[in-house]
Amino acid sequence: MTENLEKQHIEYHISEITKAAKKLQSVILEKNQMPFEPKNGNEIKPLPVFELGQYSLLEFTQTITDAEIIWPETESTFLPAYIIKYSVDQNSSAKIVVTANENYCEARLLSAKELMHCHIIDNGLSTTKTLPEVNELLDSLALGVSLDNQTMVDQIAWWGASEFLIPEGWVPMLKKIYDDIRTKYPNHDALLHMAQLLRVPTGLIKFKLRLP
Amino acid sequence: MKINSFDTWFNDQLGKGLVDIKFAVTPGKGVTSAAIKNELLAAEAMIAAGYVKGSAPYATSVLPAEIMEVINAAHI
């Protein structure tokens, strides 16, 4: 694939996952009676990913596939999460394993990223289902190189999760809260408080709020 | 339960109907394909042995009261 075609390919998939993430977000916001464009700070709550008692991304995903998230009592350095999809007799299922499950914010982002894989429709172009494909994918991920279909879909899933967890319509209110905290309590870590408010890692907030 | 090799485990999953697998990988020093596979096998062994948390992670920190006041007062 030429560089130009590859760029178009990536842009197309980013556009598709952004649309998919916004659609998922709309369902979750509506089901939980959360605002699309909050006007008051107290309307901001973390978007449910797997939390019980709220309509979560996991619950919605379970309407299309038999998805579960498993939290093993183990620690990992390099592999915080993975997803395995199965299909038996036309019944599909997805087993998501999150090993980095001590930090709530990180676990939410990782879970959202893996759940996004259940919502990416690419007619099987990016599937990893043979040992050579697994080895190729792991080498690419370990080295942080290449953008073949398999690694690209991973980047797309991260993008979808970030789009899902912080709705674009929330950004003006979030910026207002961030600025207010910094003005009134300059010695506080405003970014940390934003993470506590949204229950997502600080890096994601910096990215979405376009903070320096 | 000890799982001897990634290849054995993977072939077993194919037998169970695996159609796709994807990984979230933390880049950094020491990360290799073999290290990732070992961590996956360790996690799978824990799951097979039943060492699984009964509930999902939850928030352990709370926003300070004075910050909550700022949030609640914010309006656009």
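Note on chain A: helix-only mean residue ellipticity at 222 nm, from DSSP H runs of 4+ residues weighted -39500 (n - 2.57) and normalised by residue number, equals -16000 deg cm²/dmol.
If you take each beta carbon of peptide A:124-133 and count the beta carbons of other chains within 10 angstrom, what is the mean? Please list the in-between numbers first.
Values: counts 2, 0, 2, 5, 6, 7, 3, 5, 0, 2.
Partner-chain Cβ atoms within 10 Å, mean over residues of A:124-133: 3.
The mean number of partner chain beta-carbon atoms within 10 angstrom of a residue's beta-carbon across peptide A:94-104 is 4.
From other protein chains only, count the Cβ atoms within 10 Å of every residue's Cβ in B:58-65, then give the mean.
The mean count of partner-chain Cβ atoms within 10 Å per residue comes to 4.
Its relative contact order, with pairs defined as Cα atoms under 8 Å and 6+ residues apart, puts chain A at 24 percent. DSSP bridge analysis restricted to chain A gives an antiparallel fraction near 60%, rounded to the nearest 5.
Centroid-to-centroid, using Cα positions, segment B:15-60 and segment A:131-172 are 17 Å apart.
Given that compact globular proteins tend to follow 2.2 N^0.38 Å, what is the ratio of the alpha-carbon Rg of segment B:4-55 to that value?
1.27
Rounded to the nearest 500, the helix-only mean residue ellipticity at 222 nm of chain B stands at -14000 deg cm²/dmol, with each DSSP H run of n ≥ 4 adding -39,500 (n - 2.57).
Every read-out reported here was derived from the displayed coordinates using simple, explicitly stated rules and does not represent laboratory data. A quick note: this is a predicted structure, and the numbers were derived from the prediction, not measured. Note that we place each Cβ from the backbone using ideal geometry, even for glycine, and neighbour counts take in every protein chain shown.
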